[in-house]
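Notes for the one structure printed next.
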Amino acid sequence: MGRAERRRSRAAWPIRKYRLGAEPGATLYASTTVEQRLMMMWPLACDAWAAAGRPIPDYERGQTPVRVIRAAPRNQSD
């Protein structure tokens with residue numbers, strides 16, 4: 001890809017400029033749906049597995065390695 005072509009493709013990037021320290025919060029809840037946030041996550045997961053040099057795991061849901069950490073019971077007087 002040539003320099004001019006890269007410049008044209010960058011022109012469509014959604015860029016916003018903020019003063020240092022005046023950046024908005026990192027929350028996407030107000031501007032995206034759950035489905036959109038999950039769709040954003042998938043390319044990141046693929047990149048992470050590729051960077052680790054490992055294939056994306058392929059197993060049944062029941063075989064998924066998980067660890068359940070239960071919260072301490074809440075005090076009834078709270």
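Could you give me the radius of gyration and the Dmax of the chain, taking only the C-alpha atoms into account and expressing both in angstrom?
20.8, 67
Roll a 1.4 angstrom probe over the protein heavy atoms and tell me the percent of accessible area of segment 39-78 that is carbon or sulfur.
The computed percentage sits at 56.
Give the residue from LEU44, TYR18, ALA72 lying farthest towards the positive end of the charge dipole for the chain; charges sit on Cβ (+1 for Lys and Arg, -1 for Asp and Glu) and the dipole is referred to the Cα centre.
The one lying farthest along the dipole's positive direction is TYR18.
The values are calculated or read from the model by the stated rules, or taken from the named source; none is laboratory data. All figures in this text were calculated on a predicted structure; none of them were measured in a lab. With ideal geometry, Cβ positions are generated from the backbone for all residues, glycine too; neighbour counts draw on all protein chains shown. What goes into the accessible areas is simple: the full protein's heavy atoms, side chains included, and nothing from ligands, DNA or RNA. Shrake-Rupley method; radii C 1.70, N 1.55, O 1.52, S 1.80 Å.
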